[in-house]
Structures are given as structure tokens and as C-alpha cells.
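Notes for the one structure printed next.
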Amino acid sequence: MADFMKKATGNWQDGLMLLLGIWLFFSPWILGFAGIQSAFWNALFFGVILAGMSIAVVTEFHDWEEWVDMALGVWLVVSPWVLGFAALSAVNAAAYAATMTFVATGVVALALAAWSLRHHHAAHAA
């Protein structure tokens, strides 16, 4: 456990990605969009995957894990439109909260994964 915490704080991007996955998982209840089924299940499913992938990266780094995190980030950004709840954002505060949560979380996840990948390659190149 101490080794995991050392790796998680040493590679802060991966530790923050874990927190991002946990946030995404609990966001339907915190922000009140649990009643929008597509947003609810999207948050639960991808919150677990994002958190799980970040734990995998912290325990043993592989490039493909960061690429998966970047793909998850892209999905999170486009998912409100693909799943259709972004169209409700103008008239429904919960749909607006869900849309903004997915877009913001996706952008941050994409940036953190890219940053982590670059950081790991720069550290091994030196």
C-alpha cells in the first residue's frame, strides 16, 4: 500500500486521474442528474473504468493504458451529444450539469493522460 501511494503521488497525473474517475462515478448524485438514465450509466461505467485504468497505470506503467485514458477522455467529451442528453441542456439544469461534467472531465482526462505519457517517456529518455 505504501508503494502504491508513493507511485500515485510521484506520478501525480495518475493519482489525479484516479480522483477524476471517483468524481465521475459519484457525480450523478452530487450534481443531481441521476434521473437521466444515459448520463447516469455513462458516469458510473466510465467512472469505474477511468479509476481502474489509473490504478493499473500506477501499479505498472504501460503506454497503451494512457492511450486508453485519452480515448476515454474523447468519449467523455462527445458522449453528451452521442447519447442525446446535451440537447436537453437548454431547458433542463440536470442535463446541463451532466453535459458540463462530461466535457470538463473528458478534457481533463485527455490532458492528464497525454501529460503522463509525455512525462514517462521524458523520464526514461533521460
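Within segment 90-104, not a single residue is at pLDDT below 95, in a helix (DSSP H, G or I), in contact with a helix residue (DSSP H, G or I) (Cβ under 8 Å, 6 or more places away or on another chain) and β-branched (Val, Ile, Thr). Just so you know, in segment 67-94 the residues that are over 14 Å from Gly21 (Cα atoms) and buried (at least 22 other Cβ atoms within 10 Å of the Cβ) include one that is nearest to the chain's Cα centre (by Cα), and it is Ser79. How about segment 20-42: which of its residues are β-branched (Val, Ile, Thr), part of a helix (DSSP H, G or I) and in contact (Cβ under 8 Å) with a residue 24 or more places away in the chain? Passing the criteria: only Ile22.
The values are calculated or read from the model by the stated rules, or taken from the named source; none is laboratory data. Just so it is clear, the model here is predicted, and its values are computed rather than measured. No Cβ is skipped: glycine too gets one built from the backbone with ideal geometry, and neighbour counts run over all protein chains shown.
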